[in-house]
1. Quick one: work out Rg over Rh on the C-alpha atoms of the range 197-256, Rh as Kirkwood radius.
2. Determine ³J(HN,Hα), in whole Hz, for all residues of the range 148-153 in sequence, where each value follows from phi through the Karplus function 6.51 cos²θ - 1.76 cosθ + 1.60 and θ = phi - 60°; x replaces Gly and Pro.
3. Among the listed pairs LYS118/LYS150; LYS137/LYS204; LYS118/LYS204; LYS204/LYS240; LYS150/LYS197, give every one whose C-alpha distance is greater than 24 Å.
4. Determine, for THR245, THR21, the number of other Cβ atoms within 10 Å of each Cβ, and report the residues in order from fewest to most.
5. Pop out the ³J(HN,Hα) list for the range 119-131 in order, Karplus 6.51 cos²θ - 1.76 cosθ + 1.60 with θ = phi - 60°, rounded to Hz; leave Gly and Pro as x.
6. Normalised by the residues of the range 197-256, what does the relative contact order come to in percent, with Cα pairs under 8 Å and at least six apart?
7. Under the rule a/c < 1.5 gives rounded, and otherwise a/b versus b/c splits prolate from oblate, where does the range 140-236 land using the Cα gyration tensor?
8. Could you put THR130, THR171 in order, starting from the residue whose Cβ has the fewest other Cβ atoms within 10 Å?
Amino acid sequence: MEQARVQEKQQINDAIEQLRTRQIQSELADQQQASALNEILDRIGKLENQYQLQQAQLKALSSRIDRSRHRSSGKKAITKKSISPEQRAITGSDQRRHTTAANSLPSDLPGGTPNVDKAAALEAEKNAYTAAYLAWKSGRYDEAANAFNKQLDLYPNGEYSDQAWYWLGETRFAQHDYYRALNAFKYVADHYPDSVKHAAALLKLGQISESQNHWQQSALYYKRLIRDHADSALAEQARKALGRTENNNPDTTPEN
């Protein structure tokens, strides 16, 4: 009788151990499936970004081909964009490539002649901007920089060009390329006074200049931000930063 109870107890223990083993195996399988699913979702996100950028490029290329055919039939003359002396004077490879692109593109890009399908062009530009921004947000900075540059090549005067310049600056900053970051933010500050990113660009210019111990220049950027966006939250940050710059450089002269 005692032996039967011992055997029954052992069987129960064995059954419990088997259940525990199955539970552990099930949990491991669930973890592996979750990891595989996350990897698949990440790949899908990257593919979607690439697809959006390719679609934008295809639409833009198709539009340019249509315009080329139209011009070859003698229905439209080509006029080139003029670049201001101030724009030519800006240094940095990002600026040079886009001003060159603007010179080489016909005037019937978005904002040019009325024969362009502006809605389709705007949608293509938006897709290109979105793909570049998503790449930046995901930390794929090389991909983002290339995508923003391509967008600005295709749409140098587009609806999203100010934001593309700003986020290109953020991308360069994240890459520790402070020279080109400074140039990108300066382009926004000097060419897009009505942009929603104008104040942020001025703040970035002040911060980069301050980090390089260019106290007087950083103070000028902070003062410009306070002057142009006096009631903004960023202006309050600029006021605090201005105190630091003036303490480090007592000879800073007031802005005229």
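1. Values: Rg = 10.2 Å, Rh = 10.9 Å.
In the range 197-256, Rg relative to Rh is 0.93.
2. For the range 148-153, the Karplus-derived couplings read 5, 5, 5, 4, 6, 5 Hz, x marking Gly and Pro.
3. Details: LYS118/LYS150 19 Å; LYS137/LYS204 18 Å; LYS118/LYS204 33 Å; LYS204/LYS240 14 Å; LYS150/LYS197 20 Å.
Pairs exceeding the cut-off: LYS118/LYS204.
4. The order, fewest Cβ neighbours first, is THR21, THR245.
5. 5, 5, 5, 5, 5, 5, 5, 4, 4, 5, 5, 4, 4
6. Values: 66 pairs, mean separation 21.0, N = 60.
Reported relative contact order: 35 percent.
7. On the way: a/c = 2.40, a/b = 1.39, b/c = 1.73.
Oblate.
8. Values: THR130 17, THR171 27.
Ascending Cβ contact count within 10 Å gives the list THR130, THR171.
Read-outs throughout are calculated quantities, based only on the coordinates presented, and are distinct from any laboratory measurement. The structure displayed is predicted, hence computed values, not measured ones. Cβ sites come from the backbone with ideal geometry, for glycine too, and all protein chains shown count toward neighbours.
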